[in-house]
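Right, one structure below, let's go through it.
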Amino acid sequence: MANIFRFKQFSVDQAGCAMKINTDGVLLGALTAADKPLSILDIGTGTGVIALMLAQRFANAHIDACEIDESTATTAASNFKNSPFADRLTLHPSGFEAFFDAYPERKYDLIVSNPPFYINSLQSPGVKKNLAKHAGARFFDELMLGISDHLATDGVCWLILPVGTAAMVKNLAVQHRLYLQKTISICSFKDDEPHREILAFGFGADGADEERLVIYDGLKVYSKGYQEILKEFLTIF
């Protein structure tokens, strides 16, 4: 089936989802690090691919995933049900604000999000695409506030963002007691400037580690680093 993306341990149906599986999502799912998390929240799960990757990586974790778009949430719930990790995945068909309102006392060892990221940009055609890709600065302020309120004391939050948006989010995070712990800069080729940053935040303010990942060694030739990161997931490696 054209809408099915097959991974080594699970498959993802993308039917009805505005944002398809992409490099951002699989990198976040593979590079997110945490110390044996038992509770994970995926904000804006989309197809559910990041939640599924984390379920594969962290065998003892229960994962909540929220998704505001109704049809996308239905597809993600089906992907969870049809996976080997179905008993550890729960889909919540709501935005993160409503989810946090419904579970005000819930805390997580790990929170992840590949959020909408085009700040104050020209709105793309189609309501579903808008919902998936566009957000205002207030969105990120509310997101970081919610994460701060629902992250466990020793927990960590991981986001993937364009470089410009990442700079804004770093400033917002500090206002909500979240401090940068790690930055992974993502470049297409070794001589390129980064186009994405994967950021880790927590309540400790001891300084941030920095890494750089290059996706391609040449045209359509994946780097060894990229292959190593995704070899447990993608069938092409």
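The values are calculated or read from the model by the stated rules, or taken from the named source; none is laboratory data. In this text the structure is predicted, and so the values were computed from the model without any measurement. Because the Cβ atoms are built from the backbone with ideal geometry, glycine has one as well, and the counts that use them run over all protein chains shown.
General remarks:
- Cβ pairs under 8 Å, 6+ apart, first in segment 183-197 and surrounded by fewer than 17 Cβ atoms within 10 Å (Cβ to Cβ), second among the hydroxyl-bearing types (Ser, Thr, Tyr): Ser188/Tyr216; Phe189/Tyr216; His195/Ser188
- Breaking point among (1) assigned to a loop (DSSP other than H, G, I, E, B); (2) within 22 Å of Leu52 (Cα to Cα), for Ala205: (2)
- Segment 5-38, residues that are crowded, with 18+ Cβ neighbours inside 10 Å and among the small types (Gly, Ala, Ser): Ala18, Gly25, Gly29, Ala30, Ala34
- Screening segment 166-190 for residues that are of a type outside the set (A, V, I, L, M, F, W, C) and assigned to a helix (DSSP H, G or I) and picking the one that is farthest from the chain's Cα centre (by Cα) gives Gln175.
- Residue tally, condition over 17 Å from the mean Cα position of the chain (by Cα) and among the small types (Gly, Ala, Ser), over segment 1-45: 4
- Segment 135-165, residues that are assigned to a helix (DSSP H, G or I), at pLDDT 95 or above and more than 18 Å from the chain's Cα centre (by Cα): Asp149
- Per the conditions (1) surrounded by 18 or more Cβ atoms within 10 Å (Cβ to Cβ); (2) within 30 Å of Arg212 (Cα to Cα); (3) among the β-branched types (Val, Ile, Thr), the sole criterion not satisfied by Thr72 is (2).
- Selection count, segment 75-92, where residues are small (Gly, Ala, Ser) and surrounded by fewer than 21 Cβ atoms within 10 Å (Cβ to Cβ): 3
- Given (1) in contact (Cβ under 8 Å) with a residue 60 or more places away in the chain; (2) in a strand (DSSP E or B); (3) crowded, with 21+ Cβ neighbours inside 10 Å; (4) not basic (Lys, Arg), number of the condition Leu213 does not satisfy: (3)
- Qualifying residue in segment 106-121 (condition: at pLDDT 95 or above and surrounded by fewer than 17 Cβ atoms within 10 Å (Cβ to Cβ)): yes
Okay, residues lined up against (1) within 26 Å of Ile147 (Cα to Cα); (2) of a type outside the set (Ser, Thr, Tyr):
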residue	(1), (2)
Leu180	yes, yes
Glu197	yes, yes
Gln227	no, yes
Thr235	no, no
